[in-house]
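Scroll down for the structure; my scribbles are underneath it.
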Amino acid sequence: MPTPAHHVAIVGGGISGLSSALAIQEASRQSGVPVACTVIESEQSFGGKIRTNQINGLVVEAGPDSFLTSKPWAFDLCDKLGLTDQVIHTNPSNNQTFCFAKGQMRELPQGLTGFVPTRLSALFSGGLISPLGMLRMGGEWFIPRHTDLEQDESLAAFFRRRLGAEAFNYFIEPLVAGIYAGDADELSLRATFPRFHELEQEYGSLIKGMRAQQRRRTVSTPTSSPQRSMFATLRGGLGDLVQALVKELESGQARLLTGHRVIEVSKVQDQASGYRLLFDNQEHILVDDVVLATPAYVTAKLLQSHQPSAAGLLADIPYSSTATVSLAFDNHDVERMIKGFGFVVPRIEGKALIAATWTSLKWPNRSKPGQTLIRCYVGGKGREQILEEDDHTIGTYIQGQLQEMIGVAGAPLFAEIQRWDRAMPQYVCGHGKRIKEIRTLMSQVKGIHLTGAAFDGLGIPDCIREGTRVGKEIVQSYG
Ligand SMILES: Cc1cc2nc3c(=O)[nH]c(=O)nc-3n(C[C@H](O)[C@H](O)[C@H](O)COP(=O)(O)OP(=O)(O)OC[C@H]3O[C@@H](n4cnc5c(N)ncnc54)[C@H](O)[C@@H]3O)c2cc1C
């Protein structure tokens, strides 16, 4: 193997950074251009928000628990890493999702978690929406399309305008909060769910657009094609994806550093190109290119001396904080529990609990026989006050909510709280324009590349797609 003529440092060993590193390794191999790659992670292990803990026969996801299957990039990565036979789908026998509203648990129309209801009867039987509210939803067909394309409409404004306030409050808001831990009045429709903006523009109505899409799907999907659930994960948890990535990078001779925080990125003075990365232990490395795959507020600091305007725009991206609370119960204590994948709690209910997943019912082999694992999600934009409480208080609050909402009795056999401080970038109105401006400004900075959840999608598949794109482009630039 020839000595690499190029050296790339990747700061941040979350899924975005690891995907960039893999893409560099692959592109280098394919193009025959030798490139050395160093991944630097400040924590003691890789994965960032992806963190799976296997404890006493439980598979506890402290961060994300699955990835969307409609976006191919996570699947493709699993395939590349030889994990295809480890991919598992949601358990089809428990696939109801509920909404705790007006004092009781009510079933959501199936498919609504993908924002496309497939079983509308639940809409009418659930009692979640009043007859007037349903009439207003049906009126969506006749609402004219928005013509002010300059305006970056908020998610709340869009769905209130199209479906009415009730449908927004009980269907849309809780699902948005579950995904973005955000406030739908602030989040940009186009930056979060651009497809809805496109549907409105293309068909003049969401109902018309979805019906057309469904017809197209029915025609194009052969009945024998294997059914994929909307979400998938790995048998041993998403941490296995991180482990497989790390193994692949190690076998490709990448240098992987954990417990090293990058505190400064400076230009090498006596060379036309190249950067010096200083770590918190005062060691440093010299590289040709740097990928910053860190949260936007970290990237902003590291970028400040190179492109202050872009750094300012990055620093202003808001983040929300959350916590996941995983609890395992003896099956006797959940006998009376309503069964399903999970439930959401609309903001107007005034609870700190955003959502909960019946992990053991949603996925196979998440707990030992005789036990049921439930994962709750608290905090998020505007509901962060609970995070100021200690773990015991949060655990007691959750236990009380589960008792009230789904009839779980008894104390948990296991409880774990994972706090996520400033973890979820908020794609607020103006996000698309902000990212465009950052990209334009960064095109003047040779050798520093940006990726990560703050840019073009915070879900795992989008992070993989973007991280991979950045890695490939760097190697192409050496060709
Ligand atoms: C609770 C929760 C649940 C979620 N659920 C889902 C889900 O079910 N499905 C889904 O698709 N997505 C989900 N997401 C979103 C998704 O997990 C994240 O957006 C994604 O993992 C972010 O990856 P990333 O690599 O961009 O950033 P991170 O994972 O944040 O990685 C950045 C890395 O940079 C490191 N770092 C920071 N500063 C420095 C420094 N100075 N030097 C070196 N390293 C540094 C950090 O330690 C971290 O490891 C969830 C997120 C959270 C928090």
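Things worth noting here:
- Picking from residues in the stretch 21-59 that are part of a loop (DSSP other than H, G, I, E, B) and of a type in the set (A, V, I, L, M), the one that is nearest to Cys463 (Cα to Cα) is Ile50.
- The stretch 325-347, subset among the hydrophobic types (A, V, I, L, M, F, W, C) and part of a strand (DSSP E or B), residue nearest to Gly178 (Cα to Cα): Val344
- Within the option set Leu286, Leu278, being within 12 Å of the ligand (Cβ to nearest atom) and more than 28 Å from the chain's Cα centre (by Cα) holds for one residue only, Leu278.
- Boolean, Gly63 is more than 14 Å from the ligand (Cβ to nearest atom) and part of a loop (DSSP other than H, G, I, E, B): no
- Of all residues making up the stretch 83-124, the number that are assigned to a helix (DSSP H, G or I), more than 18 Å from Val344 (Cβ to Cβ) and modelled with pLDDT under 90: 4
- Which numbered condition Val378 misses (of (1) within 11 Å of the ligand (Cβ to nearest atom); (2) at pLDDT below 95): (2)
- Boolean, Val268 is under 31 Å from the mean Cα position of the chain (by Cα) and under 23 Å from Gln444 (Cα atoms): no
- Restricting Ile172, Ile179 to those that are within 16 Å of the ligand (Cβ to nearest atom) and either part of a helix (DSSP H, G or I) or of a type outside the set (Ser, Thr, Tyr) (or both) reduces the list to Ile179.
- As for the stretch 304-316, it holds no residue that is touching a helix residue (DSSP H, G or I) at 6+ places or on another chain (Cβ under 9 Å), among the hydroxyl-bearing types (Ser, Thr, Tyr) and in a strand (DSSP E or B).
The values are calculated or read from the model by the stated rules, or taken from the named source; none is laboratory data. Bear in mind the structure is a predicted one, so any value in this text is a computation, not a measurement. With ideal geometry, Cβ positions are generated from the backbone for all residues, glycine too; neighbour counts draw on all protein chains shown.
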